[in-house]
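Written out below as structure tokens is the structure these notes cover.
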Amino acid sequence: MALVTTKEMFKKAYDGGYAIGAFNVNNMEIIQGITEAAMEERAPLILQVSSGARKYANHTYLMKLIEAAVIETGLPIAVHLDHGDTFELCKSCIDGGFTSVMIDGSHHRFEDNIALTKQVVEYAHSKGVTVEGELGQLAGIEDDVNVAEHAFTDPDQVEEFVGRTGVDSLAIAIGTSHGAFKFKPGQKPQLRFDILAEIEKRLPEFPIVLHGASSVIPEFVAKVNQYGGQMPDAIGIPEEMLRQAAKSAVCKINIDSDLRLAMTASIREHFAVNPGHFDPRQYLSPARAAIKAMVKRKLVNVLGCSGKA
């Protein structure tokens, strides 16, 4: 099977009341852990690459690793640019074989966001590539994204934005946050399902995307700290809230921080138990297994896409 776009993937997800996991990838072990989990669960998959990951691992290396995953798994896999912020970056990824891109103009004025997004859509669609746009801004820090305060998506803007840009999916801000530190001490996690419901009314049968949707799994944080880390208590998005969102118009849920925590917790534990090890295969193998187990948990319990490939 070749790489696919998100178009048919999202249609099935919308009709089936589940979401596709969009997992950020940076190296071979992360890609292997994610795709092995998806293969065992027979789940469709989006592997997404940030600008930072592309700089770190090199576009060509990442694409060849993802192509290998398609061969090994036989799964429908889309390759997606996460938080592209310029036309030039999106074009480079499209020309380099990505099947989906996000153009994030949410930090611009509404009209400027429309103009930039439309420019990307026109080029992408001419190449058969799908495009995700964004309205509203998530607070938090992750790679090149750094936003101080939430700016919830205004439902009154979504019809005009989608109609004028031609985007294939829309990322919205309803209370999720980038990074591991999503909420302040004592703050209760809450998603604005009222905003989501209003957007669904305005955009019937249209794919919605949630960014910053890691749950910051407590056992990973505890393990990182048990073996020498200094992470403060972190509260992520409760998995039951994400499952509720996945049953609605939300067709794509982004997960990155939980991948990083699973890998870091495993490596810290390995070196604490085996201080004399120095072969990367000795500590990256259990790290890959930890990612695989975490992804399977998401596919089954949160996304609901197990068996949907």
Note on the range 65-120: residues more than 21 Å from Lys252 (Cα to Cα), among the β-branched types (Val, Ile, Thr) and touching a residue at least 40 places away in the same chain (Cβ under 8 Å) are Ile114
The residue that is farthest from Gln48 (Cα to Cα), considering only those in the range 83-140 that are open to solvent by less than 30 Å² (accessible area, probe 1.4 Å) and among the polar types (S, T, N, Q), is Asn113
Here the residues within the range 12-50 that are part of a helix (DSSP H, G or I), open to solvent by 20 Å² or more (accessible area, probe 1.4 Å) and either of a type in the set (Val, Ile, Thr) or touching a residue at least 12 places away in the same chain (Cβ under 8 Å) (or both) are Lys12, Tyr14, Gly16, Met28, Glu29, Gln32, Glu36, Met39, Glu40, Glu41
Restricted to the range 280-309 and to residues being over 10 Å from Gly33 (Cα atoms) and of a type in the set (D, E, K, R), the residue most open to solvent (accessible area, probe 1.4 Å) is Arg281
Condition set among the basic types (Lys, Arg) and open to solvent by 60 Å² or more (accessible area, probe 1.4 Å), scope the range 222-262, selection nearest to Thr130 (Cα to Cα): answer is Lys247
In the range 1-29, anything hydrophobic (A, V, I, L, M, F, W, C) and under 19 Å from Lys252 (Cα atoms) is listed as Leu3, Val4, Met9, Phe10, Ala13, Ala19, Ile20, Ala22, Phe23, Val25
Residues of the range 109-122 being out of contact with any helix residue (DSSP H, G or I) (no Cβ under 6 Å at 6 or more places or on another chain) and assigned to a helix (DSSP H, G or I), in sequence order, are Phe110, Glu111, Asp112, Asn113, Ala115, Leu116, Glu122
Of the residues in the range 51-69, those that are under 30 Å from Asn113 (Cβ atoms), small (Gly, Ala, Ser) and open to solvent by 10 Å² or more (accessible area, probe 1.4 Å) come to Ser51, Gly52, Ala57
Of the residues in the range 209-259, those that are of a type in the set (D, E, K, R) and in contact with an Asp or Glu (Cβ under 9 Å, 6 or more places away or on another chain) come to Lys223, Lys252, Asp256
Per the list (1) open to solvent by 40 Å² or more (accessible area, probe 1.4 Å); (2) more than 22 Å from Ser100 (Cβ to Cβ), residue check on Glu205 breaks on (2)
Being modelled with pLDDT of 95 or more, out of contact with any strand residue (DSSP E or B) (no Cβ under 9 Å at 6 or more places or on another chain), buried (at least 17 other Cβ atoms within 10 Å of the Cβ) and not aromatic (Phe, Trp, Tyr): is that true of Glu72 here? no
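The values are calculated or read from the model by the stated rules, or taken from the named source; none is laboratory data. Everything numeric in this text was worked out from a predicted model, so none of it was measured. Don't worry about glycine lacking a Cβ; one is built from the backbone with ideal geometry, like all the others, and counts go over all protein chains shown. All accessible areas refer to the heavy atoms of the entire protein, side chains included, with ligands and DNA or RNA removed. Shrake-Rupley method; radii C 1.70, N 1.55, O 1.52, S 1.80 Å.
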